[in-house]
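Notes for the one structure printed next.
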Amino acid sequence: MALSQEKKGTIAVSLTNFLDSGCIVASSVALAAWAIAFNFDNVWVSILGAVGANAFGAAVGALIGGFLADRFGRKFIYTYNLLVYAAGVFIIMCAVNLPMLCLGIVVSGLSVGAGVPSSWSYISEMSSSTSRAANIGISQFAWSCGPAVIFVIALLFSFAFPTFGPDGALLPAGTYGPFDGLFAMRLLFLILFVVALVAWNLQRKLEESKDWTEKQQAGAPRDTFVAMMRRALTNSVNVKSIVFLVAVYLTWNIVAGTMGQFMPYMYAAAGHLDDTTISLLQAVMWVLTAVGSLAIFSKFGDRIPHRILFAATALMALAAWVVMVFFGMQLEAGAADSWGWLLWVFVALWGISAGFSAQCFYALWSTELFPTLYRGGVQGIMFFLVRGVLGIWSLVAVAGLGVETPAGFVTAGIIMCGFLLVSLVVGVVWCPNTQGRTLDEITEERYGKHVD
């Protein structure tokens, strides 16, 4: 059966999500090896986690990309953005020192952020009122596949191209032809580079968003950046929506972002797990997330009331960290003893819940609650706030809390339980009534006939 234009566009745009999450996870997998190869400590581990696709880099990129998407169209981003991404991951792949690594991480991070507002806006604008959640679910499935694929490949590479020798030292140059223990890490970024070029070739052929085109033909103004910010931040309806969405997404994303960038590092440092075990845990978690995106959010997001679905995912996420922190970590003489089967309970609970998580609802609601005139720009503002705070948290979580130790890990985990509780309460209490309605109907109800 031939795919509709709606589904073809959704799949092509969703490749951006695959590359976004893949970049974050590939960086997290490589952190320990980079630290040894380029001789940097926990402070630089924190900095690298903060300036790239997981935090500050994506934050700034989203602010820029959201404005450009509203000013010049969603297709404008798809024509150029993945070329920037490809350049970033290519630099990372070839990095021979810390400055080169930083440059690649920043460039790829900017690209990741720039693609987010266009991606969610385009999918939502090209969807019918009864398929928005389903298509957002497909994009989240692609986002989940990035880590799943990267971790599976990393697991295979851990057998074929080990990074460290028996003594824990990075394997020297010449181990794999002219390459050293970073060979497997370079291959991960080579894969992202190739996929980025393929995705760019598909996305540059997409039609422009019909909703954006119609609004432009109707005489919608093309604001300057300052004017867009003024429109977005001086309207009381916008401000209330921004506060709600940032509260829901930021609190969840601090936890998810920490896991995405630092979980392998924390498993190794605090839990003393080997590379193979870490890759297996992460691969299983992300496979469950991918399955959850399709089987739960994509299938039921347009059918089951959002308040019920959100409550279910938020409770599961909170339960996962309660299990990890209060039952999974057994401290003896300052070292992790055994996490046992509880670690797999954590993986199952978080993995499934992440498939229809606060990120899915944020992606959906952030396109529904704002008008086309500045939909991308407002998403950029919110993503800037969320990822900016995550960048600060990344610096604090590793350098300040000492998550590389069992005690520090537990402290960070208790804080994350608090964040998840806030996300649960805010999302359930103030869940918006947008399900099954067109974007124009939602906009008219919230803003009236004329949008300021």
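Read the figures in this text as sums done on the coordinates, not as results from a lab. All values derive from a computational prediction rather than experimental measurement. Heads up, the Cβs are rebuilt from the backbone with ideal geometry, glycines too, and the neighbour counts pull from every protein chain shown.
Structure data summary
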| item | result |
| --- | --- |
| Charge tally in the Cβ shell below 13 Å around Gly301, where Lys, Arg are +1 and Asp, Glu are -1, Gly301 excluded | +2 |
| Formal net charge of residues neighbouring Gly436 (Cβ-Cβ distance under 12 Å; K, R +1; D, E -1) | 0 |
| Answer label for Rg and Dmax of the Cα atoms in Å (calculated), chosen among (1) 23.0, 83; (2) 21.2, 69; (3) 25.9, 101 | (2) |
| Sparse-neighbourhood loop sites, chymotrypsin sites (Phe, Trp or Tyr not before Pro) in the range 122-168 - DSSP loop, at most 16 other Cβ within 10 angstrom | none |
| 222 nm mean residue ellipticity, helices alone, for the chain (DSSP H n ≥ 4; -39,500 (n - 2.57); rounded to 500) | -25000 deg cm²/dmol |
| Centre separation in Å (Cα based) which lies between the range 167-196 and the range 11-51 | 15 |
| Potential lengthening between Thr224 and Leu103 on full extension [0.36 nm per residue; Cα-Cα distance subtracted] | 40.7 nm |
| Percent RCO, i.e. relative contact order, over the chain, from Cα pairs under 8 Å lying at least 6 residues apart | 27 |
| Phi-based couplings in Hz for the range 230-242 (Karplus 6.51, -1.76, 1.60; Gly and Pro marked x) | 5, 4, 5, 9, 10, 8, 5, 4, 4, 4, 4, 5, 4 |
| Label-zone membership for the range 5-38, site Gln216, 7 angstrom Cα→C-beta point, backbone N under 17 Å | none |
| Two-site label geometry, Thr79 and Ala160: point separation in nm, points 7 Å out along Cα→Cβ | 3.8 |
| Local net charge near Ala312, Cβ-Cβ under 15 Å (Lys/Arg +1, Asp/Glu -1) | +3 |
| Using alpha-carbon coordinates, inclination of helix 406-429 to the longest axis of the chain, degrees | 20 |
| Long-range amide H partners of Phe179 with built H, under 5 Å | Gly174 |
| Reachable lysines, given that their alpha-carbon falls under 27 Å from the alpha-carbon of Lys8 and they are not under 8 places away in the same chain | Lys75, Lys205, Lys210, Lys215, Lys299 |
| Total charge dipole magnitude, the chain, about the Cα centre, Cβ charges on Lys, Arg, Asp, Glu only, Debye to nearest 20 | 1180 |
| Alpha carbon centroid spacing (whole Å) that separates the range 204-227 from the range 127-156 | 27 |
| Ala295-Lys8 pseudo-label distance in nm [points 7 Å out on the Cα-to-Cβ vector] | 3.1 |
